[in-house]
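**Student:** The following block contains the structure, expressed as structure tokens.
What follows is calculated from the coordinates using simple rules that are stated; it is not laboratory data. Since the model is a prediction, treat every value here as computed from it, not as a measurement. Backbone-built Cβ (ideal geometry, glycine too); neighbour counts: all protein chains shown.
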Amino acid sequence: MSSAPEAPVIPAALIGRLRKARSMAALTGAGISAESGVPTFRDAQTGMWAKFDPLELATPDAFRRNAKLVWDWYAWRRELVAQAQPNAGHRALAAIEAANPGFLVITQNVDGLHQAAGSANVVELHGNIRRVKCSRDGTIVATWDDSSPREAPRCAQCGAFLRPDVVWFEETLPDDALVRAEHAARDCDVLLVVGTAAEVYPAAMLPTYARHHGAAIVEINPSPTRLSDRVDYTLRGPSGVVLPALVTAVWGDVPAAR
Ligand code: BV8
């Protein structure tokens, strides 16, 4: 009978470093939402989508070639996300913000689960799948007619196809999001790197940038990543187990986020 994964011991030096930190931030990836049932990018492809490479679907070219296919893939993922609840990992980061108001979550995730857990300071580097916009001028639309079996919905104003408000590969990130993330990475004393394989740029360069500016990097991931040999602390385990243990060890039982 598999018992719940044990939380790793939190090193005393890390506890000390977090307690005296002036400014902290977290960079999160798909792994933090895995325990909420949102498939990570590397195992996002199940069922009818198994034969598609996400790196091929999440591109402007794929949308130009077959807008309906890309729309349906995002509609499927949007449904998964709509069913998902934030987990103890998301809630732990919201609790850190409650105890340290300047704490910033920089996420690559498009699922909005950090905000659902109560985190107010969230930078969405890659957009949010819950928002839909006109592919011609980027206007966010509140409603859309998804009934056509043959084509993706169109913008009521200009007739262009609608698309998810996410950043596709070969598309630049929102300026304000990238600037806020870079400033937080430059200024933080500690950066928690949670549930990311750190393979997608420019997000993947933030830990190196932060370390270059003197921050301690803490990797929280059940498996090694390409970043693992360039971090100061490694906490091996699922973030839904490790982050609550970290919060309790450093700040005791902090009040849950509002
Ligand atoms: C751009 C939104 C200018 C859409 C996403 C430099 C070098 C090489 C390549 C490039 C470079 N600069 C730019 C590039 C190209 C490209 C890139 O990085 N390619 C990679 C693949 C090599 N970058 C771009 O295109 C960016 N734009 O640079 O514009 C430009 C313009 C023209 C031409 C070139 C450049 C845009 C990147 C953003 C793409 N959009 N998402 C959507 O979601 O559909 S990226 C998407 O994939 C996610 O947002 C996320 O960023 C990434 C997935 O990575 P992870 O989150 O790390 O997830 P993954 O599944 O990989 O890993 C999960 C991890 O969790 C694992 O480590 C696992 O062990 C761990 N885990 C599992 N369970 C748990 C857990 N951890 C904790 N707890 C658990 N329970």
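**Student:** What length, rounded to one decimal in nm, is gained on full extension from ALA75 through to ARG186, with 0.36 nm per residue of separation minus their alpha-carbon distance?
**Tutor:** This chain segment gains 36.3 nm when fully extended.
**Student:** Now a separate question. Compute the Cα gyration tensor for the chain, then decide on rounded, prolate or oblate, letting a ≥ b ≥ c be the square roots of its eigenvalues: rounded whenever a/c is under 1.5, prolate when a/b is larger than b/c in the other cases, and oblate in all that remain. It would help to have the intermediate numbers written out before the result.
**Tutor:** Values: a/c = 2.01, a/b = 1.78, b/c = 1.13.
Judged from the Cα gyration tensor, the chain comes out prolate (a/c at least 1.5, a/b above b/c).
**Student:** Report, to the nearest 10°, how far helix 175-187 tilts away from the longest principal axis of the Cα atoms in the chain, using its own Cα long axis and a range of 0 to 90°.
**Tutor:** It works out to around 10 degrees.
**Student:** Separate question: Taking amide hydrogens as modeled 1.01 Å from N in the peptide plane, which residues meet the under 5 Å criterion relative to ARG154, leaving out close sequence neighbours?
**Tutor:** ASP145, LEU162
**Student:** Mind checking which of HIS114, HIS183, HIS90 has the largest fluctuation in a GNM of the chain, springs on alpha carbons under 10 Å?
**Tutor:** The residue that fluctuates most here is HIS183.
**Student:** Assign one of three labels to the range 72-167, namely rounded, prolate or oblate, based on the Cα gyration tensor with a ≥ b ≥ c the square roots of its eigenvalues; rounded applies when a/c is under 1.5, prolate when it is not and a/b is larger than b/c, and oblate otherwise.
**Tutor:** Prolate shape, in that a/c is at least 1.5 and a/b is the bigger ratio.
**Student:** Between ALA12 and THR172, what length in nm is gained on full extension when 0.36 nm per residue of separation is reduced by their alpha carbon distance? Walk me through the numbers before you get to the answer.
**Tutor:** Values: separation 160, 0.36 × 160 = 57.60 nm, distance 4.01 nm.
Value of the extension gain: 53.6 nm.
**Student:** Between ALA99 and TYR201, take the C-beta separation as r, use R0 = 35 Å, and let me know the FRET efficiency to the nearest 0.05.
**Tutor:** Using R0 = 35 Å, I get an efficiency of 0.65.
**Student:** Let me ask something additional. Angle between the Cα long axis of helix 88-99 and the longest principal axis of the chain, 0 to 90 degrees, nearest 10?
**Tutor:** Result, in degrees: 60.
**Student:** Using every pair of alpha-carbon atoms in the range 4-132, split the distances into 5 Å bins beginning at 0 and state the percent of pairs per bin, rounded to integers.
**Tutor:** 2, 9, 17, 20, 17, 13, 9, 6, 4, 2, 0
**Student:** Output the relative contact order of the chain, whole-number percent, from Cα pairs under 8 angstrom with separation of 6+ residues.
**Tutor:** 27 percent
**Student:** Using Cα pairs under 8 angstrom and six or more residues apart, how large is the relative contact order of the range 14-119, in percent?
**Tutor:** That works out to 39 percent.
**Student:** Springs between alpha-carbon pairs under 10 angstrom, Gaussian network model over the chain: which of ASN109, ASN221, ASN100 fluctuates most?
**Tutor:** ASN100
**Student:** Let me ask something else about it. How far is it, in nm, from the label point at PHE52 to the one at ASP145 when both lie 7 Å from their Cα along the line to the Cβ?
**Tutor:** Each label point lies 7 Å from its Cα, and together they span 2.4 nm.
**Student:** Please state, as a whole number in µm²/s, the translational diffusion coefficient that the Stokes-Einstein equation yields for the range 116-236 at 20 °C and 1.002 mPa s, with Rh defined as the Kirkwood radius across alpha carbon pairs.
**Tutor:** For the chosen part, D equals 128 µm²/s.
**Student:** Same structure, new question: Take the chain, connect every pair of alpha-carbon atoms lying under 10 Å apart with a spring to form a Gaussian network, then pick out the residue of ALA84, ALA92, ALA184 with the largest mean-square fluctuation.
**Tutor:** ALA84
**Student:** Test of understanding: what is the full-extension gain from SER23 to VAL179, defined as 0.36 nm times their sequence separation minus their Cα-Cα distance?
**Tutor:** 54.5 nm
**Student:** To the nearest 20 Debye, how big is the dipole of the range 136-177 about its Cα centre, given +1 on the beta carbon of each Lys and Arg and -1 on that of each Asp and Glu?
**Tutor:** Charge dipole, the range 136-177, about its Cα centre: 280 debye, nearest 20.
**Student:** For the ranges 121-129, 187-195, 157-165, what's the packing order if you count other beta-carbon atoms within 10 Å of each residue, average per peptide, and put the highest first? Please report the intermediate quantities before stating the final value.
**Tutor:** Values: 121-129: 21.0, 187-195: 24.4, 157-165: 16.9.
Descending packing order for the listed peptides: 187-195, 121-129, 157-165.
**Student:** I want the antiparallel fraction of DSSP beta bridges within the chain, as a percent rounded to 5.
**Tutor:** Of the beta bridges lying entirely in the chain, close to 30 percent run antiparallel.
**Student:** Here's a follow-up. So how far apart, in nm, are the two label points at ALA116 and GLN157 if each is 7 Å from Cα heading toward Cβ?
**Tutor:** 2.9 nm
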